[in-house]
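Peer 1: The structure's right below; bear with me while I get my questions together.
The values are calculated or read from the model by the stated rules, or taken from the named source; none is laboratory data. Everything numeric here is computed off the predicted structure, so don't read it as measured data. Cβ atoms come from the backbone with ideal geometry, glycine included; neighbour counts cover every protein chain shown. Heavy atoms of the whole protein, side chains included, go into the accessibility calculation; ligands, DNA and RNA do not. Shrake-Rupley method; radii C 1.70, N 1.55, O 1.52, S 1.80 Å.
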Amino acid sequence: MRLIGAGFGRTGTKSLQAALEELGLKPCYHMTEVIQNPSHVGLWTDAAEGRPVDWKRLFQGYEATVDWPACTFYKELMQAFPDAKVLLSVRDPEKWYESAYNTIYGSLRAFPFNVIRHVVPPARRMSRMVNGIIWNGTFKGRFEDKPFAIEVYNRHIEDVKKHVPADRLLVYEVKEGWEPLCRFLGLEVPQDKPFPRLNDTADFQRMIRERMKSAFLPWHKSQPS
């Protein structure tokens, strides 16, 4: 592990994943990796519920991580990977809340996902993990309380800045592009390659539909008719 992402989801983490992999830090772990690797859900549930996790086993083969669920455990990951740098992705708090509400919070509570996460066992386990780490964990079941959620977001940023040594930390917005990221990592800026711009609200909703289908359709087909 060379880079630990401490920024919350919806701070450009999907674009960052693509950018880091373009720079050679691949594969880069993101919440979408959990959907593709159902065996990871139990490990993250253990972490959410305070049980020990073999971080090196979980991240075996990965060069970097961004997004939830890993950002919640950046301190534990710093201990497990003492040579890794830390990337804190940020954006305007109001825009972050609007984006998070309309994607990872709102869309997964709308039909058909609000049904799938209750009746399909893999989706139910995934939902338990996400609730335990994010909505009931980080946001104490109060994400719909916008001022409270933004306060949690801002407090997390300050906590990361206080906990991570300055020479090990980059506070970064994806709109800054390649230069500060490459400088922090000691890598050359890719030539003639624009910085990835991925996963707006429409992209997110389309991606979730595709990932849900690929992850849970095999379970559905395996059930007796």
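Peer 1: Return the residues of region 23-52 that are open to solvent by less than 40 Å² (accessible area, probe 1.4 Å), in contact with a Pro (Cβ under 9 Å, 6 or more places away or on another chain) and outside any helix (DSSP H, G or I); say none if nothing qualifies.
Peer 2: Leu23
Peer 1: Would you point out which residue out of Ile208, Ile157 is β-branched (Val, Ile, Thr), surrounded by 12 or more Cβ atoms within 10 Å (Cβ to Cβ), closer than 17 Å to Gly12 by Cα and at pLDDT 95 or above?
Peer 2: Ile157
Peer 1: Taking interchain pairs and intrachain pairs at least six residues apart, which have beta carbon atoms under 7 angstrom, with the first residue in region 67-85 and surrounded by 19 or more Cβ atoms within 10 Å (Cβ to Cβ) and the second at pLDDT below 95 and not in a helix (DSSP H, G or I)?
Peer 2: Taking only residues 6 or more apart or on different chains, not a single pair turns up.
Peer 1: Need the failing condition index for Ser99 against (1) at pLDDT 95 or above; (2) open to solvent by less than 30 Å² (accessible area, probe 1.4 Å); (3) not hydrophobic (A, V, I, L, M, F, W, C), just the number.
Peer 2: With respect to (1) at pLDDT 95 or above; (2) open to solvent by less than 30 Å² (accessible area, probe 1.4 Å); (3) not hydrophobic (A, V, I, L, M, F, W, C), Ser99 is out only on (1).
Peer 1: Quick one: which of Phe184, Phe195 is of a type outside the set (Lys, Arg), touching a residue at least 24 places away in the same chain (Cβ under 8 Å) and buried (at least 18 other Cβ atoms within 10 Å of the Cβ)?
Peer 2: Of Phe184, Phe195, the one residue that is of a type outside the set (Lys, Arg), touching a residue at least 24 places away in the same chain (Cβ under 8 Å) and buried (at least 18 other Cβ atoms within 10 Å of the Cβ) is Phe195.
Peer 1: Out of Pro27, Pro93, report the one residue that is more than 16 Å from the chain's Cα centre (by Cα) and in contact (Cβ under 8 Å) with a residue 24 or more places away in the chain.
Peer 2: Residue meeting the stated conditions: Pro93.
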